[in-house]
Amino acid sequence: MRVRFWGVRGSIPVPGTDTLRFGGNTACVEVSAEGAPTVVLDCGSGARPLGRDLLTRSGRDLCVLLSHYHLDHVLGLPFFDPMYAPSFQIRVVMPDPDPPATDLPLKHLLNGRFHPVRLPEIPPSVRFESIRPGATFPCGPIRIRSVPLIHPGGSCGYRITHGRRSLVYFTDTAPFAQPGEGLAAGRDPTEAESRILDVVRGADVLVYDTMFTLDQFITKMSWGHSYPEYAVALARAAEVAHLVLYHHAPDANDADLEEIAARWADHSAPAVSVAREGGAMDLEG
Ligand SMILES: [Zn+2]
Ligand SMILES: [Zn+2]
């Protein structure tokens with residue numbers, strides 16, 4: 001299984017000289033495995049370079065999993081070139097608490113006003129499919145388990161398993177315990193944490209929303225994002241091998257992110273790294 005980061009930023013793309021090392025594109029992660037459809041996690045602005053790269057490859061079977069519909073996670077979708085190439089077969093999985101949705105959320109984005117292409121004009125090689133967060137479903141030989149997260153308007157996390165390897169993608173979520181409670185406080189997991197641990201346990205990689213520092217989190221607890229110390233506590237309890245800090249704040253420049261990377265560089269169980277646009281991880285087996 002190969003994991004490649006095409007966009008690691010939250011909220012809004014931030015191109016510029018002070019984001020060159022970690023990248024300015026918003027949420028988009030590719031997971032590929034031999035003989036399996038390519039999984040695309042979110043379609044932020046990072047989906048544009050991914051789409052252009054996919055056109056140069058032989059694989060034509062894609063499974064796009066959206067976490068939710070905030071712009072930083074879907075704004076690359078209309079610019080994802082494989083959508084307009086009939087040689088591709090694309091399944092777009094959209095979380096909805098009450099499927100089958102009759103009013104697809106993407107209809108509002110692709111309505112001719114925010115982008116010239118309307119949803120009905122997307123070629124039939126692209127299939128849109130609503131799932132209830134919590135559903136488990138296959139994507140070729142890959143097993144996918146979804147789970148509701150904590151975020152304004154809702155968000156959906158995914159565990160992707162191929163053979164013996166698993167990656168968990170949790171972006172745009174608040175911690176699963178209040179400050180002073182649960183894993184980050186060194187206590188027993190809360191009920192919500194127990195449910196989440198069941199999904200995350202033993203994963204090779206956990207990609208997790210750490211948009212805030214702990215201090216920022218305290219003043220923005222209702223925004224539905226987490227911070228590194230919480231991610232580490234969750235990953236440790238779940239016996240995750242490698243935690244990737246993800247969905248960086250637009251105000252976090254390269255120096256800020258290097259500082260966070262340095263702070264966690266020596267951590268083990270789990271190993272911790274900071275997601276970098278263009279970065280890749282190979283999971284053997
Ligand atoms: Zn976001
Ligand atoms: Zn969001």
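The values are calculated or read from the model by the stated rules, or taken from the named source; none is laboratory data. Quantities reported herein were computed from a predicted structural model and do not represent experimental measurements. Methodologically, a virtual Cβ is constructed for each residue, glycine included, from the backbone with ideal geometry; neighbour enumeration extends over all protein chains shown.
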The condition of being more than 19 Å from ASP72 (Cα to Cα) and touching a helix residue (DSSP H, G or I) at 6+ places or on another chain (Cβ under 9 Å) holds, among VAL147, VAL117, only for VAL147
So the check is Cβ under 8 Å with 6+ separation or different chains; which pairs have a first residue in the stretch 34-51 that's within 22 Å of PRO13 (Cα to Cα) and a second one that's among the basic types (Lys, Arg) and within 16 Å of ligand 1 (Cβ to nearest atom)?
GLY44/ARG9
Collect the residues in the stretch 107-122 that are touching a strand residue (DSSP E or B) at 6+ places or on another chain (Cβ under 9 Å) and at pLDDT 90 or above, keeping them in residue-number order.
LEU110, ASN111, GLY112, ARG118, LEU119, ILE122
Is it the case that SER226 is within 16 Å of ligand 2 (Cβ to nearest atom) and not in a helix (DSSP H, G or I)?
yes
Restricted to the stretch 170-180, and to residues that are closer than 14 Å to ILE196 by Cβ and out of contact with any Asp or Glu (no Cβ under 8 Å at 6 or more places or on another chain), which residue is nearest to ligand 1 (Cβ to nearest atom)?
ALA174
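Okay, residues lined up against (1) modelled with pLDDT of 95 or more; (2) more than 15 Å from ligand 2 (Cβ to nearest atom); (3) farther than 25 Å from GLY24 by Cα:
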{"site": "ARG52", "(1), (2), (3)": "yes, yes, no"}
{"site": "LEU62", "(1), (2), (3)": "yes, yes, no"}
{"site": "LEU66", "(1), (2), (3)": "yes, no, no"}
{"site": "TYR69", "(1), (2), (3)": "yes, no, no"}
{"site": "ASP72", "(1), (2), (3)": "yes, no, no"}
{"site": "PRO86", "(1), (2), (3)": "no, yes, yes"}
{"site": "VAL92", "(1), (2), (3)": "yes, yes, no"}
Taking only pairs six or more apart or across chains, which ones have beta-carbon atoms under 6 Å, a first residue in the stretch 132-152 that is under 19 Å from HIS68 (Cβ atoms), and a second residue that is surrounded by 14 or more Cβ atoms within 10 Å (Cβ to Cβ) and polar (S, T, N, Q)?
PRO133/SER146; ALA135/SER146; LEU149/SER155; LEU149/THR173; ILE150/THR173; HIS151/THR173
Is it the case, given these coordinates, that ALA184 is at pLDDT 95 or above and assigned to a loop (DSSP other than H, G, I, E, B)?
no
Test each condition in (1) out of contact with any Gly (no Cβ under 9 Å at 6 or more places or on another chain); (2) within 21 Å of GLU129 (Cα to Cα); (3) among the hydrophobic types (A, V, I, L, M, F, W, C) for LEU54 and report the one that comes out false.
(2)
Restricting attention to the stretch 187-223, which residues are more than 16 Å from ligand 1 (Cβ to nearest atom) and part of a loop (DSSP other than H, G, I, E, B)?
ARG187, ASP188, PRO189, THR190, ARG201, GLY202, ALA203, ASP204, THR213
